[in-house]
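Please read the structure below before turning to the comments.
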Amino acid sequence: MPNSDLLARSRAAVWHPCTQMKRHEALPLVPIARGEGAWLYDFDGRRYLDAVSSWWVNLFGHCNPRINAAVADQLGKLEHVMLAGFTHEPAVQLSERLAQLAPAGMGHCFYASDGASAVEIALKMSAHYWLNLGKPDKNGFVSLQNSYHGETLGALSVTDVALFRNAYGALLKHHATVPSPDWRLAAQGEGARDYALRCAELLEAHLQQHHASLAAFIVEPLVQGAAGMAMYHPVYLQRARALCDRYGVHLIADEIAVGMGRTGTMFACEQAENPPCPPLTKGGSAGDRKGCNSSTPSPSPLPNGGDGGISPDFLCLSKGISGGYLPLSLVMCTDNIYRAFYADEVARGFLHSHSYSGNPLACRAALATLDIFAQDGVLEANRSKAARFNHILRPLADHPKVRHFRNTGMIWAFEVDSPHRDFAQRCFTLALERELLLRPMDKTVYFMPPYIIGDAEMDMLVARTLGIVAHLC
Ligand SMILES: *Cc1c(COP(=O)(O)O)cnc(C)c1O
C-alpha cells in the first residue's frame, strides 16, 4: 500500500518544517499524490479542499494548465543560468512588468528564492545604503509587535513571534518593536482608525528618538499573517510613509504574503489612502463584531493601482509571485537606493547572491501568473467572490462562539471561543475528515483560498467549518 509505506519513509527520512516530529507518532502525515484546481488528492482517492493555498502560495489552483504550459515551454529552452554576468528574457520581462504594476518608483528588481532571503536582502540593502552615504550608525531596524518576516537569522531578528524566536535569542541581534495597529488590540470603544492613528504616534515617538541609529522600519502592509491574520486600518501605512520620510528611515513593505492580489489590490500598499472598510470598533455587540468585514462590502471599487496608496523604499515579494509553483522571491527598490550602490568601487556594490537567483523556470511561472491576472480580470472577479463569500459566511460571523470575524480581500479570519487548549490540532484533524485543509493558528481559523475557488467549494467550506466550530465549542 503506497500510503502507509510513504508515511513511514517520510517520518524516517524527511525532517518536516515547523513540526515537532514526535507528534507524528500519533498524527499521520497526509500523503498527497496529485493536485487539481483547489483540490489535493491522496493515493486512495480522498480529497482535500486547499483552503489555505498550501501555506499562502497558490493563487490559481494546483496544476494550472496555463502555468504548466509556460513552465514546460521554458524547460525546453533554458532551465537555469547564473544571473551574475548573464541574463535571460524571463528575468528581464518579469522585472519590467512588475515595475509597471508595483507602486510608483519600484524600478529595480533583486532576485532570490524564498521569502526570508528577500527580507535579508532588504535589510542588508537598507543598512548598506546608509553606509554608502557615510552614515554607518544607521544600521538598526524596527518592526511591529507580532510581526513575522521569516526565520533565517536576520529575518528572525525583526520577527516578533516568541515560539519561533525563543530558542535562538542568543544568535539574534536585538531590534525594537512598536505596538501593532491590529484592531483587535484597540481599547474598548476605540475605532480601528483611531487606534491605528494612536499606534502611528507611538511609531513617531520611536523614530524621533532613534532615527540616528535606524536604517529601516519593516512592516507587513494591512495584514500581519503569522500573527493570526491580524488586520489593521490602512491609514497606518499612510502615516508610516510620512514618518519614515520625516525622520530619514527606509520603509520596507514585506508583501510576501499580502502581495499579488491577496488583499484586493495587486499590492496592499495601494490601499494606504483608500480605506476599504468603515471605521471599526471593538466591543461586544453583534454590530461591532462585523468589524472590518464585509458584511458591509465596500461599495466603491478598489483601485487597480496607480491612484492613491504609498510607495515603500523596498518591496519584498515571494509566495504567490510564482503562482505557488516554484521558489522565487524578489526585492524591488527605488532608483535612489540603486544609485547609492552604483560606483567604481566594487565594495560599494551589493555583493549578495543566491545560486538560483532569478531562476528562469520560476520567472516563467511568475510571468504566466501575471498573464492570468491580466487576461481574466482577476482582481475584479475576486471582489465579487469576496462579496459572495462574506454573504454566505454570515452565520459563521454571527455564531455566538466566534469573535473578531474579519476580512481583507481574499483573506478571512476569526477567533473561536473553544475550551480546547489543542484547538488548532483538533480543528485540523476534523477538517481533514471533512475534506478540508485548514490550519488554524492557535484559536484563529482563517481562510486564504486559491482565487479559482468556485461557488460550490465556498459553500462546502462554510458549511463544514460551521460544523467543526459547533463540534469544538
Ligand atoms: C512567509 C513569509 C515570509 C517568509 O517567507 P519564506 O519563503 O517562508 O521564507 C516573510 N514574510 C512574510 C510576511 C511571510 O508571510
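The values are calculated or read from the model by the stated rules, or taken from the named source; none is laboratory data. Worth saying up front: this structure is predicted, and the values here are computed from it rather than measured. So basically every Cβ, Gly included, is an ideal-geometry build from the backbone, and we count neighbours across all protein chains shown. Quick note on the areas: whole protein, heavy atoms, side chains included, nothing else; ligands and nucleic acids left out. Shrake-Rupley method; radii C 1.70, N 1.55, O 1.52, S 1.80 Å.
Observations, loosely collected:
- HN-Hα J in Hz across the range 104-120 - Karplus 6.51, -1.76, 1.60, θ = phi - 60°, x for Gly and Pro: 3, x, 8, x, 10, 10, 10, 9, 8, 10, 9, x, 4, 5, 4, 5, 4
- Helix-only CD estimate at 222 nm, as mean residue ellipticity for the chain, using -39500 (n - 2.57) per DSSP H run (n ≥ 4): -11000 deg cm²/dmol
- About its Cα centre, the dipole of the range 130-225 is roughly 220 debye, where the only charges are +1 on Lys and Arg Cβ and -1 on Asp and Glu Cβ.
- Among the GluC sites (Glu not before Pro) in the range 344-444, those placed in a DSSP loop whose Cβ has at most 13 other Cβ atoms within 10 Å are GLU345.
- At R0 = 22 Å, FRET efficiency that the Cβ-Cβ distance of ALA381 and ARG426 yields, to 0.05: 0.05
- All C-alpha to C-alpha distances of the chain, sorted into 20 Å bins beginning at zero, yield P(r) values of 24, 59, 18, 0 percent in whole numbers.
- Segment GLN208-ARG23, extension gain: residue separation times 0.36 nm, minus the distance between their alpha carbons: 61.9 nm
- Residues of type aspartates and glutamates that LYS173 reaches as a straight line, Cα spacing below 17 Å, ignoring anything fewer than 8 places off in the same chain: GLU120, ASP137, GLU151, ASP160
- For the range 69-376, accessible area per residue (1.4 Å probe, heavy atoms of protein chains only), Å²: 40 Å²
- For ASN166 and ASP44, the FRET efficiency from 1/(1 + (r/R0)^6), where r spans their Cβ atoms and R0 equals 51 Å, is about 0.85.
- The Kirkwood radius of the range 316-445, taken over pairs of alpha-carbon atoms, gives through the Stokes-Einstein law at 4 °C and 1.567 mPa s a diffusion coefficient of 68 µm² s⁻¹.
- Ranked by how many other beta carbons lie within 10 Å on average, peptides 169-175, 242-248 from highest: 242-248, 169-175
- Rg to Rh, two decimals, where the range 24-117 supplies the alpha carbon set and Rh follows Kirkwood: 1.07
- Theoretical FRET efficiency, 1/(1+(r/R0)^6), r = Cβ-Cβ of TYR338 and MET82, R0 25 Å, to 0.05: 0.75
- In the chain, the DSSP beta bridges split such that about 65 percent are antiparallel, to the nearest 5.
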